[in-house]
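*Asks:* Structure provided below as structure tokens; questions to follow.
The values are calculated or read from the model by the stated rules, or taken from the named source; none is laboratory data. None of these values were measured; they are calculated from a predicted model. Neighbour counts are summed over all protein chains in view; Cβ atoms, including those assigned to glycine, are modelled from backbone coordinates with ideal geometry. Heads up: the accessible areas ignore ligands, DNA and RNA and are worked out on the full protein's heavy atoms, side chains in. Shrake-Rupley method; radii C 1.70, N 1.55, O 1.52, S 1.80 Å.
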Amino acid sequence: MLREPLVFLYFFILFTGSFAQRNVPDVDNDSDIRKQSIIIKLETRNKIPADNDDNNGRNLQRSDNQQQLIISVPISQQNLNQQQVISQSSRSVPVPISIANSEECRFDVQRYCTKGSRQMPPNLKVLQCVDELDNAPNLISKDCQHHIYSFKYNMAHDPHFDDAAQRQCSKDIKLIDECEEFVGKRGSGRLVSCLYDRLGNITEPSCRYFINQMRAVVFNDWTLSEYMVDACMSDINKLECARLDDDNKAIPHEQGAVIACLSQKYAQLQESCKKETFRLAEMQSDDYHLDRALFYACRDDRERLCSQVQSGNGRVYRCLYEQKFNTMLSSACRKEVHRRQSLVVANVQVDAPLIRACKSAIIQHQCSVDLNENDKRSSLVKLLLCLEDGFKKDGYMQDECRREMLIHRRMLMSDYSLSPEIVSECKTEMIKYCPSLLQQSSSIDQRGGRMIHCLLNNARKQKDFSNSCLTVVKSLIRAVDPGSDIRADPLLETTCRPVIDTLCPRIKSGDSNIIMCLLDNLKSNRMTEECEDRLMEISYFIARDWRLTPKLIRTCQTNLINLCQLSTNWSMTNELKDDQIGMYLGCLYQQRQQLDRNCSTELKRLMHIRTQAIGLMPEIEDNCIEDLATCKNPEIKGEEMKCLQKKYPKLEEKCKAAVRNYTQITMSDPTFDFLLMKACEPMIQLFCANIEGEREDGLIRCLVQHKHELKMDYQCKAGVDHYQITSMKDEAFLSQQFQKKCRQEVEEHCKGRKTKAAIIQCLADLMLKDALKGPNRVAEVCRNELKFELLQRSESIEFDPLLAKACQGDIRRFCWGRTPGNAEILDCLKDNYIKTSPICYAKLKKRQKLDVVLPENDFSLISKCASVIQKSCSNEKKQNMLSCLRRNANQDQMPNICRQIVYHRLMIFNTDARLNRGLIENCQQDISKWCNSEVVDDDDDDDNDANNKDYNDSEVTDRDMGGRINGCLRAKYADSAATLESQCVTELIDVIQTSKLDVKIDIKLYQSCRKQLDTKCTGMDKEDCLKLLYQRGQLNDDACREQVKRIIREGQMYIYADQALVAVCQTDVLKYCNDIPIGSGKQLQCLLNMRDFISNQCQNMLKQRQELWEEVNVYQL
């Protein structure tokens, strides 16, 4: 490793000697070599090995780590044309071989560079000493400064310099055509410049070392670069970058100031000068010592904040970048760091470590970073987009390149002023929405990414945010891509650090792990409001660009191309429509059965995250701007979607379509409904932990079935209620299972229905007609699905929007103050159904008939009679549940509320003989013989609920004539002159017995005598009261009187129809007449025959009844 330093020293001393004697042609080579050999021995004693890139800069660093300072170099008044004068004077006045021994510098060297030693240092040490001397321009004499400058300039332009480069780099020169043309142009210095421009292509170690060592000379003074002088002189004068210190403009300027000035004003430079400025900046990029202005401004900061960072390969730059907004960083250093960063952003090629680390990727993906007038994006943004594009497509990139990209992404996100396109295109927005940050742009507290986040925040909230600003902001977010690594956004990372440490402590950074964890916990109690706000500002853009969606591209790219028509030439550099992410996710969900496992898992996870906030669903947020304005302050923050679903019928069409698509997904799989899952997670574990995944709606069915349990959480119940209410608002909200199993019935009988509620009612009407008339047109598999829907509907008026609309006036009239749930309003309407409006009555009547046909889907009956059903009817078939409850109606264990419900259902049961299939089947002949005129098909059974048809009294044909066939058959049964079939008598006795449970069940009697019952029969048995009124002649209503006669006759024909008589004579009947067949008055005749043996109470009751029978002219036994 010692060979390379020796070689360099050899040539360096060779040049110094030749520079001193360049006008003396006959130099004795042997003597020269002997002198050089002596000097080599002296210099190598103190030589610091330079065997890596870090040591390339250490030749400018003092061994005792003392602070460093940049020396100044002379610039003449005549626009620096004195170079020629200096060059000529150096030829006519030979420069001594030793700077230390020169007349101009001897005193200064002895004073500042010998460190008390009598031995004068060699030239290289003198240069290093002067370079590192604090306040050198004021300490070193002007003559010495001119002498040192002449020495360096002549060295850089001496023919031997090019000869050495040619010898050290001969192999590489032959391979680099651009540099080969400079061979032979001795003294121009262009061969070395060309080789440095292509340093990355140089393979010879000796050549690479030689070129790197010469950088120190060039960067001590920009005028040593011939290209720089030629290209930038006019710009230096125009932009006043030649900062001289005296009236004669002879005192050297501060080292690095000219390059710093030009690089700071690079946008105003001519192309030739800009090219040279960027070239010099690129040469500085490995070692911060070479950027003299930055080195000088930051030397104390480097020791204070980056002392553990070794120089070389841009490491100190990276450290200073990271400390840019540290309050301990000096303002002068911050200014120079910003200048350096601005250069990198403007021309990324000046950052050699980044280009070197990503060289293979740049070549592979053909990344061009040339500036384009039509492209407002910076050079750095273009490169990052190109590299990220390649990474997302093939999924591979070297770690070193990823690290360098992260550094620059973080740099862009931390300071908006580094992005000239944002400064220019977003000026109006910054003034309007972020004035305090703009006014305090020099403040550390106001800049560390806050301006960018302010723009992000207002981009999602303000309608008048300009498209031009939005475009460059989107481009920046794509380039920075904080979704893939939260570290790319310093403000987001800092703000969310406490949350990350709490909720994501073991999650590794990168690969979108942290941000996905934060989004998973967006609504966690431990999520801070500030972190959520910053996260949503970033997520707003991530959600609108599927290319930024974490892991989606990598896991689902093949599926997107094959199943969703994703173009194979998609690119990170193009602008996209915001709603495309929703389109692709919707497509993937529709094709979910065909997705591979990894894509399916990622899709489900992503969709779960998106449902947490409306801002993560651009297809809804952007299409529902007007409608969301009315949901600004929902009951709870984050429930904007619930608000939209509540207003679904009134939404604008494009908003309704977006909400429909989202809701359709959650209806198929409620696990995508974040608010529901959050509220119900403990309840799912309690009630539904064992639910299998055979049905997509199995989970919601379980929650519906258990939502009235005592242990059910109120918020979960409210969420399930909202789910059920929403599901009724559109046919698209039918579950996949329902659509599959009822497809044929819907297509044949319910086509054109717009809402789920209308389809359910259509199928329910069809099933009711099947029960009343037959045949069964609803298949069993569809019936099972429909029964579950009907059970839900019967729970709340809100789940039956068609009935709610038809009865809204009646609800206000009769049911004011009742709550919608627990069937309260529905039961209220049923209790008052006789008084309801025609349209409400017609719809209500069909619901009540369904309650009788399908009692297992009658929520009120099932819930209020649950204890009796479990104890006495658990073994009954579901369709026989009402009959079982009727048999137990008088049992003490039946709650009164259950008994009332049962009585009401039995009343409905008796309103239409068609509901009693046993009666219809066993009395068919008697109906045809005696009651054929009473058979009428109800027109209102065939109404169209879907069209919300209005009704009037003439259309409701059964309001006051309910139970026509039942009434006819009972009248014939009570008429001794009519003889009914025995099987029909059996059915009628069952009907009569049922009617004795409650007077309301006997429809004809109750309707005809309701006035008398309400005014004269309070507090006593209703039928006994009516019989007594009849016997006293106090019934003036003919219809009521006829109905009372009928029940008197029924009591004579069937003793158990007379409850008062049975109550007194029950023991005697069992004792003397138990074996007598029921019906036709046979048991009553038995009692009369045994009157001498029966009890006195029974005798007295029979005597009273005989008087009553005589009153109605019944048959005398």
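*Asks:* Just to confirm my filter: which helices (runs of 4 or more DSSP H) fall fully inside region 830-892 and include at least 1 residues that are free of Cβ contacts under 8 Å to residues at least 24 places away in the same chain and under 46 Å from the mean Cα position of the chain (by Cα)?
*Replies:* Numbers: elements: 838-853, 859-864, 866-872, 881-887.
Qualifying helices (runs of 4 or more DSSP H): 866-872.
*Asks:* So if I check each of Met451, Met516, Met527, which one is surrounded by 20 or more Cβ atoms within 10 Å (Cβ to Cβ) and either at pLDDT 90 or above or among the acidic types (Asp, Glu) (or both)? Don't jump to the end; show me each part of the working.
*Replies:* Details: Met516 fails: either at pLDDT 90 or above or among the acidic types (Asp, Glu) (or both); Met527 fails: surrounded by 20 or more Cβ atoms within 10 Å (Cβ to Cβ).
Result: Met451 is the single residue among Met451, Met516, Met527 that is surrounded by 20 or more Cβ atoms within 10 Å (Cβ to Cβ) and either at pLDDT 90 or above or among the acidic types (Asp, Glu) (or both).
*Asks:* So which of Asn521, Asn559, Asn569 ends up being polar (S, T, N, Q), without any contact (Cβ under 8 Å) to a residue 40 or more places away in the chain, crowded, with 18+ Cβ neighbours inside 10 Å and more than 21 Å from Met413 (Cα to Cα)? First the steps, then the outcome.
*Replies:* Details: Asn559 fails: without any contact (Cβ under 8 Å) to a residue 40 or more places away in the chain; Asn569 fails: crowded, with 18+ Cβ neighbours inside 10 Å.
The conditions single out Asn521.
*Asks:* OK, next. Go through region 97-113 and count every residue that is of a type in the set (Ser, Thr, Tyr), at pLDDT 85 or above and part of a loop (DSSP other than H, G, I, E, B).
*Replies:* Taking region 97-113 as the starting set, the residues that turn out to be of a type in the set (Ser, Thr, Tyr) are 98, 102, 112.
Pick out the ones that are also at pLDDT 85 or above and you get 102, 112.
From what's left, part of a loop (DSSP other than H, G, I, E, B): 102.
Looking only at that region, the number is 1.
The rows are residues; the columns are (1) modelled with pLDDT of 80 or more; (2) assigned by the TED database to the domain that holds Arg339; (3) open to solvent by 60 Å² or more (accessible area, probe 1.4 Å); (4) among the aromatic types (Phe, Trp, Tyr).
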residue: Pro205; (1), (2), (3), (4): yes, no, yes, no
residue: Lys238; (1), (2), (3), (4): yes, yes, yes, no
residue: Asp246; (1), (2), (3), (4): no, yes, no, no
residue: His253; (1), (2), (3), (4): no, yes, no, no
residue: Gln270; (1), (2), (3), (4): yes, yes, yes, no
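*Asks:* Then there is this: Would you pick out the residues in region 643-659 that are open to solvent by less than 60 Å² (accessible area, probe 1.4 Å) and either hydrophobic (A, V, I, L, M, F, W, C) or touching a residue at least 24 places away in the same chain (Cβ under 8 Å) (or both)? Before you say what the answer is, go through the steps one by one.
*Replies:* In the first step, residues of region 643-659 are kept if they are open to solvent by less than 60 Å² (accessible area, probe 1.4 Å); the result is 643-645, 648, 651, 655-659.
Answer for region 643-659, where residues must be open to solvent by less than 60 Å² (accessible area, probe 1.4 Å) and either hydrophobic (A, V, I, L, M, F, W, C) or touching a residue at least 24 places away in the same chain (Cβ under 8 Å) (or both): Cys643, Leu644, Gln645, Tyr648, Leu651, Cys655, Ala657, Ala658, Val659.
*Asks:* While we're here: Within region 893-906, take every residue that is among the aliphatic types (A, V, I, L, M) and in a helix (DSSP H, G or I) and give me the one that is most open to solvent (accessible area, probe 1.4 Å).
*Replies:* Pass one, region 893-906, residues among the aliphatic types (A, V, I, L, M): 894, 897, 901-902, 906.
Those left that are additionally in a helix (DSSP H, G or I): 897, 901-902, 906.
Working: Ile897: 86, Ile901: 17, Val902: 0, Leu906: 5 Å².
Taking the candidates together, the pick is Ile897.
*Asks:* Which pairs have Cβ atoms under 7 Å, sit 6 or more apart or on different chains, and link a residue in region 745-765 that is touching a residue at least 24 places away in the same chain (Cβ under 8 Å) to one that is among the hydroxyl-bearing types (Ser, Thr, Tyr) and open to solvent by less than 50 Å² (accessible area, probe 1.4 Å)?
*Replies:* Lys756/Ser727
*Asks:* So is Gln879 open to solvent by 20 Å² or more (accessible area, probe 1.4 Å), in contact with a helix residue (DSSP H, G or I) (Cβ under 9 Å, 6 or more places away or on another chain) and closer than 16 Å to Arg914 by Cβ or not? Quick ask: steps written out before the conclusion?
*Replies:* Numbers: open to solvent by 20 Å² or more (accessible area, probe 1.4 Å): yes; in contact with a helix residue (DSSP H, G or I) (Cβ under 9 Å, 6 or more places away or on another chain): yes; closer than 16 Å to Arg914 by Cβ: yes.
The answer is yes for Gln879.
*Asks:* So if I check each of Arg478, Arg403, Arg487, which one is open to solvent by less than 50 Å² (accessible area, probe 1.4 Å) and either of a type in the set (A, V, I, L, M, F, W, C) or in a helix (DSSP H, G or I) (or both)? So that I can check it myself, show each step before the final result.
*Replies:* Details: Arg403 fails: open to solvent by less than 50 Å² (accessible area, probe 1.4 Å); Arg487 fails: open to solvent by less than 50 Å² (accessible area, probe 1.4 Å).
The conditions single out Arg478.
*Asks:* Exactly one of (1) over 26 Å from His289 (Cβ atoms); (2) modelled with pLDDT of 75 or more; (3) of a type outside the set (Asp, Glu) is unmet by Ser90. Its number?
*Replies:* With respect to (1) over 26 Å from His289 (Cβ atoms); (2) modelled with pLDDT of 75 or more; (3) of a type outside the set (Asp, Glu), Ser90 is out only on (2).
*Asks:* Being of a type in the set (Lys, Arg), more than 27 Å from Ala679 (Cα to Cα), out of contact with any Phe, Trp or Tyr (no Cβ under 7 Å at 6 or more places or on another chain) and outside the structural domain of Phe674 (by the TED database): is that true of Lys551 here? Full working, then the answer.
*Replies:* Values: of a type in the set (Lys, Arg): yes; more than 27 Å from Ala679 (Cα to Cα): yes; out of contact with any Phe, Trp or Tyr (no Cβ under 7 Å at 6 or more places or on another chain): yes; outside the structural domain of Phe674 (by the TED database): yes.
Here the answer is yes, as Lys551 does meet what is asked.
*Asks:* Also, quick follow-up: Answer yes or no as to whether Ser141 is open to solvent by less than 60 Å² (accessible area, probe 1.4 Å), without any contact (Cβ under 8 Å) to a residue 60 or more places away in the chain and hydroxyl-bearing (Ser, Thr, Tyr).
*Replies:* So Ser141 passes the test.
*Asks:* Quick check on Asp827: is it under 47 Å from the mean Cα position of the chain (by Cα) and among the acidic types (Asp, Glu)? Show your work before the answer.
*Replies:* On the way: under 47 Å from the mean Cα position of the chain (by Cα): yes; among the acidic types (Asp, Glu): yes.
So Asp827 passes the test.
*Asks:* Do we have any residue at all in region 158-180 that's out of contact with any Cys (no Cβ under 8 Å at 6 or more places or on another chain), of a type in the set (Val, Ile, Thr) and either outside any helix (DSSP H, G or I) or at pLDDT below 80 (or both)?
*Replies:* Scanning region 158-180, I find no residue that is out of contact with any Cys (no Cβ under 8 Å at 6 or more places or on another chain), of a type in the set (Val, Ile, Thr) and either outside any helix (DSSP H, G or I) or at pLDDT below 80 (or both), so the answer is no.
*Asks:* Let me ask another. Anything in region 813-828 that is in contact (Cβ under 8 Å) with a residue 24 or more places away in the chain and farther than 17 Å from Ile1001 by Cα? List them, or say none. Working first, answer last.
*Replies:* Quick first cut of region 813-828, residues in contact (Cβ under 8 Å) with a residue 24 or more places away in the chain only: 820-823, 825-827.
Scanning region 813-828 gives Pro820, Gly821, Asn822, Ala823, Ile825, Leu826.
*Asks:* Among the helices (runs of 4 or more DSSP H) contained in region 251-370, which hold 2 or more residues that are touching a residue at least 24 places away in the same chain (Cβ under 8 Å) and hydroxyl-bearing (Ser, Thr, Tyr)? Break it down stepwise before answering.
*Replies:* Details: elements: 257-264, 271-284, 292-305, 315-322, 331-346, 352-357, 359-365.
Qualifying helices (runs of 4 or more DSSP H): 271-284, 315-322.
*Asks:* Right, another one. Scan (1) over 44 Å from the mean Cα position of the chain (by Cα); (2) at pLDDT 90 or above; (3) in a loop (DSSP other than H, G, I, E, B) for the single condition Thr819 breaks and write down its number.
*Replies:* That leaves (1) as the condition not met.
*Asks:* Which ones in region 766-800 are touching a residue at least 40 places away in the same chain (Cβ under 8 Å) and aliphatic (A, V, I, L, M)?
*Replies:* The answer is Met767, Leu768, Ala771, Leu772, Val781, Leu786, Leu790, Leu791.
*Asks:* So is Asn776 closer than 23 Å to His708 by Cα and more than 31 Å from the chain's Cα centre (by Cα) or not?
*Replies:* Details: closer than 23 Å to His708 by Cα: no; more than 31 Å from the chain's Cα centre (by Cα): yes.
Here the answer is no, as Asn776 does not meet what is asked.
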